[in-house]
Amino acid sequence: MTSNDQLPDLRRNLPLTLGIGAGTFAYYALPDVVRSRTARGLLKTGLVAGMTAAYFATDLSKENQEACEEASNGVMDRLSEVPMPLVATGIIGSLAASIAVTVWVEKSIFARGERRRAAGVRGAHTRQAIGLGVLGALAGVGL
């Protein structure tokens, strides 16, 4: 990047960035604190809902809003040329693939934490949650 106008405005995104980072950390650290699978599921659902609400409550700049509208108009124009059954199949297939990948990644992260816990590592889930929280915060910077 050559100029500062290409960098995200951290002042505008700071609360969202910190919220997403903290929410991601809490999400992945929960197994060290809450052993009940049901309670973890409810708490994680609340965390995801809160982070989603924070994202949608974020005031996007006028330039970002215009860019989003322009991009979505272009997508809608192209989709109108594609037969509807093909669009529906693509959407359903993409959703199914996204869910499958998400479940696989979540299970892998949890299993890694459990293996480390079984090996005697204290705060096994919390340690990996730190890195994942930082990644979540970095994603929030660009929003």
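For segment 26-143, what is the accessible area per residue in Å², given a 1.4 Å probe and the full set of protein chains?
In whole numbers, segment 26-143 has 71 Å² accessible per residue.
Rank 57, 98, 128 by how far each Cα sits towards the positive end of the charge dipole of segment 37-143 (+1 on Lys, Arg Cβ; -1 on Asp, Glu Cβ) and give me just the farthest.
128
Apply 1/(1 + (r/R0)^6) to the Cβ-Cβ distance of residue 88 and residue 52, taking R0 = 30 Å, and write down the FRET efficiency to the nearest 0.05.
Given R0 = 30 Å and the Cβ-Cβ separation, E is 0.75.
Near the amide H of residue 34, under 5 Å away, which other amide H atoms are found, from residues 5 or more places off or on another chain, if H is placed in the peptide plane?
The answer is none.
Just the number: Rg to Rh for segment 29-131, Cα atoms, Kirkwood Rh, two decimals.
1.13
Summing Lys, Arg as +1 and Asp, Glu as -1, what charge do residues with Cβ under 12 Å from the Cβ of residue 76 carry, residue 76 excluded?
Summing Lys and Arg as +1 and Asp and Glu as -1 gives -3.
Projected onto the charge dipole of segment 11-143 (+1 at Lys/Arg Cβ, -1 at Asp/Glu Cβ, origin at the Cα centre), which of 68, 111, 24 gives the Cα projection farthest towards the positive end?
It is 111.
The values are calculated or read from the model by the stated rules, or taken from the named source; none is laboratory data. Source: prediction; values computed, not measured. Note that we place each Cβ from the backbone using ideal geometry, even for glycine, and neighbour counts take in every protein chain shown. Accessible surface is based on the protein model in full, side chains and every heavy atom, while ligands, DNA and RNA are left aside. Shrake-Rupley method; radii C 1.70, N 1.55, O 1.52, S 1.80 Å.
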